[in-house]
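**Student:** For reference, the structure I am asking about is given below.
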Amino acid sequence: MGLFDKVSQTRQETDVTLGPAEAFAAIALIAVAADGYINDSESKAISMTLSRMQLFRSYPDDVMRKMLDRLLMILQRQGVEVLFNAALATLPDELKETVFAVTTDIALADGEVSEEEEQLLNDLYSALGLSEDIALKIIDVMLIKNKG
(Lines give C-alpha, C1' and ligand atoms only; values in the text may rest on other atoms or scores of the structure.)
Protein backbone atom coordinates (compact mmCIF):
# COMPACT_ATOMS: atom_id res chain seq x y z
CA MET A 1 0.00 0.00 0.00
CA GLY A 2 1.43 3.38 -1.01
CA LEU A 3 1.39 6.65 0.88
CA PHE A 4 -1.51 8.06 -1.10
CA ASP A 5 -3.55 4.89 -0.50
CA LYS A 6 -3.17 5.42 3.25
CA VAL A 7 -4.13 9.09 3.04
CA SER A 8 -7.10 8.28 0.82
CA GLN A 9 -8.26 5.50 3.15
CA THR A 10 -8.04 7.77 6.21
CA ARG A 11 -9.93 10.53 4.39
CA GLN A 12 -12.69 8.08 3.35
CA GLU A 13 -13.14 6.83 6.91
CA THR A 14 -13.51 10.32 8.36
CA ASP A 15 -15.75 11.65 5.59
CA VAL A 16 -18.78 9.54 6.52
CA THR A 17 -21.23 11.69 8.45
CA LEU A 18 -24.74 10.51 9.21
CA GLY A 19 -27.75 12.15 10.76
CA PRO A 20 -29.68 10.36 13.56
CA ALA A 21 -32.21 8.77 11.19
CA GLU A 22 -29.45 7.70 8.79
CA ALA A 23 -27.50 6.21 11.69
CA PHE A 24 -30.53 4.16 12.70
CA ALA A 25 -31.12 3.01 9.12
CA ALA A 26 -27.41 2.19 8.69
CA ILE A 27 -27.44 -0.22 11.63
CA ALA A 28 -30.61 -1.87 10.33
CA LEU A 29 -29.01 -2.17 6.89
CA ILE A 30 -25.90 -3.75 8.39
CA ALA A 31 -28.16 -6.32 10.07
CA VAL A 32 -29.84 -7.17 6.79
CA ALA A 33 -26.46 -7.51 5.09
CA ALA A 34 -24.90 -9.57 7.91
CA ASP A 35 -25.12 -12.76 5.88
CA GLY A 36 -23.22 -11.19 2.99
CA TYR A 37 -26.01 -10.14 0.64
CA ILE A 38 -29.30 -8.27 0.47
CA ASN A 39 -32.11 -9.71 -1.63
CA ASP A 40 -35.18 -7.83 -2.86
CA SER A 41 -37.44 -9.09 -0.08
CA GLU A 42 -34.93 -7.98 2.57
CA SER A 43 -34.63 -4.60 0.91
CA LYS A 44 -38.42 -4.18 0.92
CA ALA A 45 -38.63 -5.43 4.51
CA ILE A 46 -36.17 -2.86 5.78
CA SER A 47 -38.02 -0.07 3.96
CA MET A 48 -41.35 -1.21 5.42
CA THR A 49 -39.91 -1.60 8.92
CA LEU A 50 -38.37 1.85 8.90
CA SER A 51 -41.37 3.56 7.30
CA ARG A 52 -43.60 2.36 10.16
CA MET A 53 -41.42 4.18 12.67
CA GLN A 54 -42.13 7.73 13.88
CA LEU A 55 -38.52 8.65 13.04
CA PHE A 56 -39.14 8.02 9.33
CA ARG A 57 -42.81 9.01 8.92
CA SER A 58 -41.92 12.21 7.10
CA TYR A 59 -39.69 10.36 4.61
CA PRO A 60 -41.38 9.90 1.21
CA ASP A 61 -40.59 6.59 -0.54
CA ASP A 62 -38.08 8.17 -2.91
CA VAL A 63 -36.18 9.86 -0.07
CA MET A 64 -36.10 6.59 1.88
CA ARG A 65 -34.82 4.75 -1.19
CA LYS A 66 -32.10 7.37 -1.81
CA MET A 67 -31.01 7.22 1.82
CA LEU A 68 -30.78 3.42 1.77
CA ASP A 69 -28.94 3.52 -1.57
CA ARG A 70 -26.39 5.98 -0.10
CA LEU A 71 -25.89 3.80 2.97
CA LEU A 72 -25.53 0.70 0.82
CA MET A 73 -22.93 2.46 -1.31
CA ILE A 74 -20.93 3.37 1.81
CA LEU A 75 -21.25 -0.22 3.01
CA GLN A 76 -20.01 -1.63 -0.30
CA ARG A 77 -17.20 0.88 -0.89
CA GLN A 78 -15.89 1.48 2.61
CA GLY A 79 -17.02 -1.58 4.52
CA VAL A 80 -19.11 -2.49 7.50
CA GLU A 81 -16.75 -1.04 10.09
CA VAL A 82 -16.75 2.46 8.58
CA LEU A 83 -20.54 2.56 8.32
CA PHE A 84 -21.03 1.00 11.76
CA ASN A 85 -18.67 3.49 13.44
CA ALA A 86 -20.26 6.45 11.67
CA ALA A 87 -23.69 5.26 12.80
CA LEU A 88 -22.61 4.75 16.40
CA ALA A 89 -21.10 8.23 16.48
CA THR A 90 -24.43 9.95 15.75
CA LEU A 91 -27.10 7.57 17.03
CA PRO A 92 -28.99 9.31 19.86
CA ASP A 93 -28.99 7.51 23.23
CA GLU A 94 -32.80 7.31 23.25
CA LEU A 95 -32.71 5.19 20.06
CA LYS A 96 -30.15 2.61 21.20
CA GLU A 97 -32.62 0.10 22.66
CA THR A 98 -34.93 0.67 19.70
CA VAL A 99 -32.25 0.02 17.10
CA PHE A 100 -31.22 -3.13 18.95
CA ALA A 101 -34.85 -4.31 18.96
CA VAL A 102 -35.31 -3.58 15.24
CA THR A 103 -31.99 -5.23 14.40
CA THR A 104 -32.89 -8.30 16.45
CA ASP A 105 -36.28 -8.44 14.74
CA ILE A 106 -34.61 -8.32 11.32
CA ALA A 107 -32.15 -11.06 12.30
CA LEU A 108 -34.96 -13.32 13.56
CA ALA A 109 -37.40 -12.63 10.73
CA ASP A 110 -36.39 -15.70 8.71
CA GLY A 111 -36.80 -17.99 11.73
CA GLU A 112 -33.14 -18.60 12.47
CA VAL A 113 -30.05 -16.64 13.41
CA SER A 114 -26.91 -17.21 11.36
CA GLU A 115 -23.49 -17.07 13.01
CA GLU A 116 -22.90 -13.70 11.34
CA GLU A 117 -26.19 -12.32 12.67
CA GLU A 118 -25.46 -13.66 16.16
CA GLN A 119 -22.03 -12.02 16.10
CA LEU A 120 -23.56 -8.76 14.90
CA LEU A 121 -26.09 -8.75 17.74
CA ASN A 122 -23.36 -9.48 20.30
CA ASP A 123 -21.18 -6.70 18.90
CA LEU A 124 -24.11 -4.31 18.64
CA TYR A 125 -25.43 -4.63 22.19
CA SER A 126 -21.91 -4.14 23.50
CA ALA A 127 -21.15 -1.18 21.20
CA LEU A 128 -24.45 0.46 22.13
CA GLY A 129 -23.62 0.13 25.82
CA LEU A 130 -26.76 -1.87 26.59
CA SER A 131 -26.83 -4.09 29.63
CA GLU A 132 -26.98 -7.83 29.06
CA ASP A 133 -30.34 -7.91 30.88
CA ILE A 134 -31.90 -5.38 28.49
CA ALA A 135 -30.44 -7.14 25.45
CA LEU A 136 -31.80 -10.51 26.63
CA LYS A 137 -35.26 -9.03 27.28
CA ILE A 138 -35.33 -7.57 23.78
CA ILE A 139 -34.21 -10.88 22.27
CA ASP A 140 -36.88 -12.77 24.25
CA VAL A 141 -39.62 -10.44 23.02
CA MET A 142 -38.44 -10.68 19.41
CA LEU A 143 -38.30 -14.47 19.66
CA ILE A 144 -41.93 -14.45 20.81
CA LYS A 145 -42.89 -11.99 18.06
CA ASN A 146 -41.28 -14.09 15.33
CA LYS A 147 -42.62 -17.49 16.46
CA GLY A 148 -45.73 -17.29 14.35
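**Student:** To the nearest 20 Debye, how big is the dipole of the chain about its Cα centre, given +1 on the beta carbon of each Lys and Arg and -1 on that of each Asp and Glu?
**Tutor:** Magnitude of the dipole: close to 580 debye.
**Student:** Full extension from residue 17 to residue 93: what is 0.36 nm times the residue separation minus their Cα-Cα distance, to one decimal in nm?
**Tutor:** Stretched fully, the residue 17-residue 93 segment lengthens by 25.6 nm.
**Student:** Any aspartates and glutamates with Cα under 18 Å of the residue 147 Cα? List them, leaving off those in the same chain fewer than 8 positions away.
**Tutor:** By straight Cα distance, residue 147 reaches 105, 110, 112, 117, 118.
**Student:** If you roll a 1.4 angstrom probe over the protein chains with everything in place, what fraction of the accessible area of segment 22-93 belongs to carbon and sulfur, to the nearest %?
**Tutor:** After summing per-atom areas, the C and S share lands at 51 percent.
**Student:** Assuming R0 = 35 Å, what is the FRET efficiency of residue 43 and residue 133, from their Cβ-Cβ distance, to the nearest 0.05?
**Tutor:** So, using R0 = 35 Å, E works out to roughly 0.60.
**Student:** Still on this structure, please answer the following. For the chain, find the longest principal axis of its Cα atoms and tell me its angle to the long axis of helix 20-32, 0 to 90°, nearest 10.
**Tutor:** Helix 20-32 sits at roughly 70 degrees to that axis.
**Student:** Here is a follow-up. Taking the chain as a Gaussian network, Cα atoms linked when under 10 Å apart, which of 125, 59, 37 shows the biggest mean-square fluctuation?
**Tutor:** Looking only at 125, 59, 37, the largest GNM fluctuation is found for 37.
**Student:** Turning to a different aspect of this structure: Which whole-number value in Å² is the accessible area per residue of segment 46-107, probe 1.4 Å?
**Tutor:** 56 Å²
**Student:** Would you kindly work out the equivalent ellipsoid of the chain from its C-alpha gyration tensor and give its semi-axes, the square roots of five times the eigenvalues, largest first in whole Å?
**Tutor:** Sorted largest first and rounded, they come to 25, 18, 15 Å.
The values are calculated or read from the model by the stated rules, or taken from the named source; none is laboratory data. Computed from a predicted structure; not experimentally measured. Note: ideal-geometry Cβ built from the backbone for every residue, glycine included; neighbour counts use all protein chains shown. For accessibility, only protein heavy atoms count, side chains too; no ligands or nucleic acids. Shrake-Rupley method; radii C 1.70, N 1.55, O 1.52, S 1.80 Å.
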